[in-house]
Every structure is written in C-alpha cells, then in structure tokens.
2 protein chains.
Amino acid sequence: MSTQGQSKAYRDAGVDIDLAQNLLQRVKAKISATRRPEALAPIGGFGGLFQLDLSKYRQPVLVASVDGVGTKLTVAAMMDKHDTVGFDIVNHCINDIAVQGAEPLYFLDYIGIGKLRSPLYEQVLEGAAEACRLQNVTLLGGETAEMPGMYGNDYDLVGSITGVVEKDRIITGDRIAPGHVAIGMASSGLHTNGYSLARRVLFAQAGLDVHDRPEGLGGGSLGEALLEPHVCYWPAIRAALAENLALDGLAHITGGGLYDNVPRVLPEGVAVRFDASAIPTPPIFRLIQELGQVDPYEMYRVFNMGAGMVWFVPPAAADRALALIGESGFAAWVIGEVTPGAGKVTIDNVES
Amino acid sequence: MSTQGQSKAYRDAGVDIDLAQNLLQRVKAKISATRRPEALAPIGGFGGLFQLDLSKYRQPVLVASVDGVGTKLTVAAMMDKHDTVGFDIVNHCINDIAVQGAEPLYFLDYIGIGKLRSPLYEQVLEGAAEACRLQNVTLLGGETAEMPGMYGNDYDLVGSITGVVEKDRIITGDRIAPGHVAIGMASSGLHTNGYSLARRVLFAQAGLDVHDRPEGLGGGSLGEALLEPHVCYWPAIRAALAENLALDGLAHITGGGLYDNVPRVLPEGVAVRFDASAIPTPPIFRLIQELGQVDPYEMYRVFNMGAGMVWFVPPAAADRALALIGESGFAAWVIGEVTPGAGKVTIDNVES
C-alpha cells in the first residue's frame, strides 16, 4: 500500500479495496480494446469522457437505457461460468436503444457482490468488454461494489448504455399501419427474461440440475441452454438503416413477451396478430411449459418464445428486410401482420 | 390485464409485473417534473431520448459515471426510510462527473429487489426524482428488477449519469502545482462510503440500534446520522465555472478517502499535505473510531472524515473560492497545500 491508511479493519469488515484494484488491472487490456476514437479519458478517472463527433450529426439525440441480467445470474452461479452474462448485459442494453435506431456509443457496468472473488470478476468484465468490442461500443466506466452480507454468495450485474440517433431518423413506430408485416428475429433462448419462472419450474419443481441433459435439448446441458447469451440484433438493424430500408418499428422482446413489448411501439388504431406456428420455438421453452404445466398464453407473456426482436415493415419491404437480416447472419421469419385495432396483440396457433 | 397472457405462474414464482407498473404510475408526476427541455421522449419507451442543444457547445464531451449506494441501503432498511437513499445515489453520481467540470444532464436508476413493495419503491424513486429536479437533471429512465431469492429482504440501488463539458474546459488537475491551496467542502456524514465498517462497529460490535441516541450526536438518532444524504456539490462548482475561477482540480472524496481519491487528480511531481485539525469532523466518525478502536489513519482511508469534496486552487483564488462556496450555501475550509512530491497524500494532526 502506498498510503498511510491501513485497510485492515475494513478488510475485516468484508471489503477489500486492494483486491478490486488488482483484479481490475487484469482486465484492463480487454477494456482498452473497446475504446472508440471518441473516448478521451483513460479508465480510472472519476467519469469516462466521450467526445461526440459533431461532424457526423445534424441533430444528434442521445438515447440511454439501463438494465440488469436478472436471475440468469443464479444460473451462472450454478454453472460457475460468468463470461456469458457479460455478453447478456451488453447485448440487452444495445438492443434496447437500437430499437429506436440509435447507434450504441458507450456502456458502463455495475457489479454488486457480497464477496469479490477471482476469476468470477474477470470473467464478467471480460465478457462485457468482448461484447462491447464486437459492436464497437466503448466500455467507458464501471463500478464494483463489495457489499458483505447483502448479496450472500450472489451478485448483481447492471449495465447502462448511451447511443446516438439523428432526430429525424428516430424509429418511433408512428408509421406502422394495417398491412405492415411483422418479422421475428430468432432468439437464442430465454435471453435475460423469465428466469425466476424457469428456475422455479426446472429446479424447484422438476428437481433438475444444471448439468442434466434432458431429452429434446439436442444433447446439451440444461445450464448451457439457459446460459445461451442474449443475441445482439444491432448489426442487422444497422444494415437496414444504412440502406434506408423502411424500418417503421422495432420491438425488443424482453420481460412481458410479445404481449407487453409490441404495444409499446404501436401507434393508435392498429393491432397485431401473430402466428405462433411461424416462430420456431427453441426446445428450452417447451421443456419449461411442459414440466411446469404453464398456461401456454402465459409462456408468451413471460418469454420471447423464439422471437427476440420484431421488425415492422411495409409489405413491399418485407423481402428485402428478410434478405438483409439473413446477410447479417440472423434467422428471421414473417410472424404476423398489422391490422386495424386498439393496440392489442393477439397470438394465434398457440400450442398447449 | 389487457392481454391474453396470464401472469399467475410468474406471480407464483415471485415476480409481479403488474405491481411494478402500478407503482411506477404513482411516481410518474415526480419523474415528469425532472424533464429538461432537451428530454424528448415520455418515460415508458424503450430508451430515454435527450437532444443535446448544440447551440450551447463548441466541442461537447459527454462525461458518464455509474455508482451504487452500497450498504447504506441496509441502514435505510433498518430505519424503514427509503427516500434519502434516492438523494444519495443522484448526488453521488452528479459529484462524480462535476469534478471534471461537467454539467449533469440525465440520470437513470436501477433498483434490484427481492420482493417489490410499497411504499419503499415510491420512496426511493421520489427521492431520486426530487434530487434530480433540484439540480436540473432529467430522470430519463430506469429499471426495476424483481429477483426473488436473490436479495432476500434487501435491495440494491444503482445510478448512471451523463453530463457534458466543453473539451477545453475539462478539469483535469494538470495545472495543480506546488503552492496550490486545498479547500475542503463539508460533508454531511459518511455520504455513501464505509458503511460496511460502520455497521460492523456500531451494530455488530457495539450492539447499538438505529434508534439509539448516543451521546455526542447532538440528540439525533444513530440511524438519522447514518442516513444523512450525500451532499451535492454541483451548485458551488457551477458557480465557480460560471465566473471562470481558477478551479484547477476537484476530488470527490468517496471510498478510499483523501488517501485514494486525491492522487487521482494530481499531476506528476506534486504531493498534498492535509491538516486533519482543519477539517471539522462530524461526530458520527468519532463514534465509529472510538467504539471500533479503528486505526485513526484508516479512518481517513475509509471515510471522508468531514471533507466530501476537495478543490485545488492557486493561492490568489483561494479567498474567492471560499466566498463563492459560502454564497452557494456550503461550509468549506483551507485544509491543505500542494507541495513538490511523488503523488502522495500525507495527513498531519490525525487524532488518535
């Protein structure tokens, strides 16, 4: 230690300031690799600095969001595998602002933890840093709070993102009209929503273990299926924006499923009718539904059920949208259509 | 409910989506009151929208930070009083970017909680919203994550802030030189740091209760002293920036105290010598030191010990700085001086 101060009593109380600094050093290179040219300050200062490139924008609007990973973290703990949740939080945050057409610029992480430990800490941060790097997002700052007695053996992971969009290119959903096509982009699984229900059904009720390999999961373990990282849809959205595709509305399907997330982007006077049979639902959802005897409609309210992002485009743009999504490396299908109505979402052909 | 979906199984698993929505409605007016003209979107969309007023800046640099309240939340729970922690998280975040000269623009909150409940939720958000309103910061968005089994009866509160500063007006500390004066601004108590040690000493070791009124606290209860909100120093900093005072360095004294936070702003070749006897230390710190037999130097490494913010100004600007801080309603004192040296902080006259 380089100061007069001693950290003994504080360490005895469960907080090790030096350990946090040492572990942070180990991931500094990965974090530095996420720096966009606009990022000014080295990490370690009080706040992260990001100079907006004004030559690129006429009327820049910042778009910001904050989110957590939820109890998917409990599954990470059961598997003792903590890199994928880093991807989850970054990708979730990016999707949340991408639906308004925003390019993600910088991300900040928060880890609240009962007892700071290695390699958990490095795994989380390396996952988050790598997810940022892949999408050209700067990991601009973060905070790790060691809180003895508060989290037990658990931890929480929170992310905050800021992006930018031209004011006249904000995707508002206002142009969605009857006849518009709803395209669903494939999810990788639960993403970051519905884990409390999933854990209750799979672990508490059915008595399964994360290392079990239930039939239907294609040979993989339950833990692997549950930890599949949240898909980042930004590359496909960016490609659509780049060629001025008529991307009239985007809904990120998170907690609340199609039922709650789609109405958030619908203008007055329209409704959406989805066809559940058009959405290839990953087997993990069927497993939860069957083992938990969950009402099939509730499945669509809690989970994404296979569609993690919904695009609304005019019929003339649907083929190009599908092609473009495919070129970006994602699977997608026409899963519904916009009708006249009062903002309601209806899902047909729900399998019970 | 307006959808086909049922939330029964999810509610049985401990997550009540409808309750969160209903409670949010109750605080919507307070949140709306924080809207600056630049804030575009109503709350409830996916991301919050904030249009930067480009007519006000030449080279705007965004400054971002994320932080938590730490185990001060445990004290809030013991007192069953949750509005002040809302002030804590907002003020802490504002201070963290104000030290670089940034005007705070927008704030996002995250609440992670085992079991969502009223009026705790409204108290937290109302406190945060009011703290934002007082400093002209938009509460642009937030997330509440109900995570059964993860937080027990506790919750965590995280904040993320973005502000803006002209590139050539970023306060970097680079101009701090030998002879510069260190001015300390009064803290209200622990602010948001050192609570794990404080709780261990006061509750676990000394067996005190939050409702006890130990001698020396001026008649107030221990819980009240511990919940004193984090002071927001932005109004004084803003006033100094407005008149181009030579504010060459600012350090927010958080976890790590003077020892760890001051070196973060020092350029090469200088050190700082503080005089502890010049800092009026609130009685709560003495109580912790005495009851816990804590090494007096460690006290200054864990706690702010009465100085929540340190200004570094040239000697010629010191009187004006003190006057200006006073006019802004804060107490402050000359507490140290900059010397030649290797970045070290020394504290003289520490009381044992």
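The values are calculated or read from the model by the stated rules, or taken from the named source; none is laboratory data. Predicted model, so just to flag it, every value in this text is computed and none were measured. Ideal geometry is used to build each Cβ from the backbone, glycine not excepted, and the neighbour counts take in all protein chains shown. Surface areas here come from the heavy atoms of the whole protein model, side chains and all, with no ligands, DNA or RNA. Shrake-Rupley method; radii C 1.70, N 1.55, O 1.52, S 1.80 Å.
Just one of the listed residues (A:Thr346, A:Thr339) is in a strand (DSSP E or B) and at the interface with chain B (Cβ under 10 Å from one of its Cβ atoms), and it is A:Thr346. One residue is enough: does segment B:287-301 have a residue meeting the conditions under 21 Å from B:Gly220 (Cα atoms) and touching a Gly at 6+ places or on another chain (Cβ under 7 Å)? Yes, segment B:287-301 contains a residue that is under 21 Å from B:Gly220 (Cα atoms) and touching a Gly at 6+ places or on another chain (Cβ under 7 Å).
Could you tell me whether segment A:107-117 includes any residue that is within 16 Å of the chain's Cα centre (by Cα), among the charged types (D, E, K, R) and either closer than 22 Å to A:Lys28 by Cα or open to solvent by less than 10 Å² (accessible area, probe 1.4 Å) (or both)? There is at least one residue in segment A:107-117 that is within 16 Å of the chain's Cα centre (by Cα), among the charged types (D, E, K, R) and either closer than 22 Å to A:Lys28 by Cα or open to solvent by less than 10 Å² (accessible area, probe 1.4 Å) (or both). Residues of segment A:166-212 that are closer than 23 Å to B:Pro148 by Cβ and either in a strand (DSSP E or B) or of a type in the set (A, V, I, L, M) (or both): A:Leu190, A:Leu197, A:Ala198, A:Val201, A:Leu202, A:Ala204, A:Ala206, A:Leu208, A:Val210. Going residue by residue through segment B:17-38, is there one that turns out to be at the interface with chain A (Cβ under 10 Å from one of its Cβ atoms), closer than 25 Å to B:Lys167 by Cβ and not in a helix (DSSP H, G or I)? Within segment B:17-38 (the criterion being at the interface with chain A (Cβ under 10 Å from one of its Cβ atoms), closer than 25 Å to B:Lys167 by Cβ and not in a helix (DSSP H, G or I)), the answer is yes, since at least one residue qualifies. May I ask you to verify whether B:Gly257 is at the interface with chain A (Cβ under 8 Å from one of its Cβ atoms) and at positive phi? Yes, satisfied. Taken together, the criteria place A:Asp80 among residues that are among the charged types (D, E, K, R), under 29 Å from B:Lys115 (Cβ atoms) and surrounded by fewer than 24 Cβ atoms within 10 Å (Cβ to Cβ). Hey, does segment B:289-297 have a residue that's among the aliphatic types (A, V, I, L, M), assigned to a helix (DSSP H, G or I) and open to solvent by less than 10 Å² (accessible area, probe 1.4 Å)? No. Here B:Gln100 passes the criteria (1) part of a loop (DSSP other than H, G, I, E, B); (2) facing another protein chain (nearest Cβ under 7 Å); (3) free of Cβ contacts under 8 Å to residues at least 12 places away in the same chain; (4) of a type outside the set (Gly, Ala, Ser) except the one numbered (3).
Here's the yes/no breakdown for (1) within 14 Å of another protein chain (Cβ to nearest Cβ); (2) open to solvent by less than 60 Å² (accessible area, probe 1.4 Å):
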residue	(1), (2)
B:Gln205	yes, no
B:His211	no, no
B:Gly219	no, yes
B:Leu226	no, yes
B:Val231	no, yes
B:Trp234	yes, yes
B:Ala240	no, yes
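Every test in (1) open to solvent by less than 10 Å² (accessible area, probe 1.4 Å); (2) modelled with pLDDT of 95 or more; (3) in contact with a helix residue (DSSP H, G or I) (Cβ under 8 Å, 6 or more places away or on another chain) is passed by B:Gly256 save one, and that test is (2). For residues that are in a helix (DSSP H, G or I) and acidic (Asp, Glu), scanning just segment B:65-96, find the one that is farthest from the other protein chains (Cβ to nearest Cβ). It comes out as B:Asp88. If you go through segment A:260-273 and keep only what is within 11 Å of chain B (Cβ to nearest Cβ), touching a strand residue (DSSP E or B) at 6+ places or on another chain (Cβ under 7 Å) and open to solvent by 10 Å² or more (accessible area, probe 1.4 Å), you end up with A:Pro263, A:Arg264, A:Val265. State whether one or more residues within segment B:225-233 are touching a strand residue (DSSP E or B) at 6+ places or on another chain (Cβ under 6 Å) and under 19 Å from B:Gln100 (Cα atoms). Yes, some residue in segment B:225-233 is touching a strand residue (DSSP E or B) at 6+ places or on another chain (Cβ under 6 Å) and under 19 Å from B:Gln100 (Cα atoms). Please list, ordered by first then second residue, the pairs with beta carbon atoms under 7 Å, 6 or more apart or interchain, first in segment A:46-57 and more than 7 Å from chain B (Cβ to nearest Cβ), second in a loop (DSSP other than H, G, I, E, B) and open to solvent by less than 30 Å² (accessible area, probe 1.4 Å). Sorted first by the residue in segment A:46-57, then by its partner, the pairs are A:Asp53/A:Glu38. What residue, among those in segment A:298-307 that are outside any loop (DSSP other than H, G, I, E, B) and open to solvent by less than 10 Å² (accessible area, probe 1.4 Å), is farthest from A:Tyr195 (Cα to Cα)? Ranking the candidates gives A:Ala307 first.
Considering segment A:147-165, the residues that are outside any strand (DSSP E or B) and at the interface with chain B (Cβ under 8 Å from one of its Cβ atoms) include one that is modelled with the lowest pLDDT, namely A:Gly152.
Yes/no per residue for (1) open to solvent by 30 Å² or more (accessible area, probe 1.4 Å); (2) of a type in the set (Asp, Glu):
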residue	(1), (2)
A:Leu125	no, no
A:Glu130	yes, yes
A:Arg133	yes, no
A:Met147	no, no
A:Gly159	no, no
A:Ala177	yes, no
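In segment B:195-205, is there at least one residue being at pLDDT below 95, touching a Lys or Arg at 6+ places or on another chain (Cβ under 7 Å) and in the same structural domain as B:Pro296 (by TED's automatic domain parsing)? Within segment B:195-205, one or more residues are at pLDDT below 95, touching a Lys or Arg at 6+ places or on another chain (Cβ under 7 Å) and in the same structural domain as B:Pro296 (by TED's automatic domain parsing). Here A:Gly329 fulfils each of the conditions (1) outside any helix (DSSP H, G or I); (2) open to solvent by 10 Å² or more (accessible area, probe 1.4 Å); (3) within 14 Å of chain B (Cβ to nearest Cβ) apart from (3).
For segment A:143-185, a residue qualifies if it is of a type in the set (Gly, Ala, Ser) and free of Cβ contacts under 8 Å to residues at least 40 places away in the same chain, and the qualifying residues are A:Ala145, A:Gly152.
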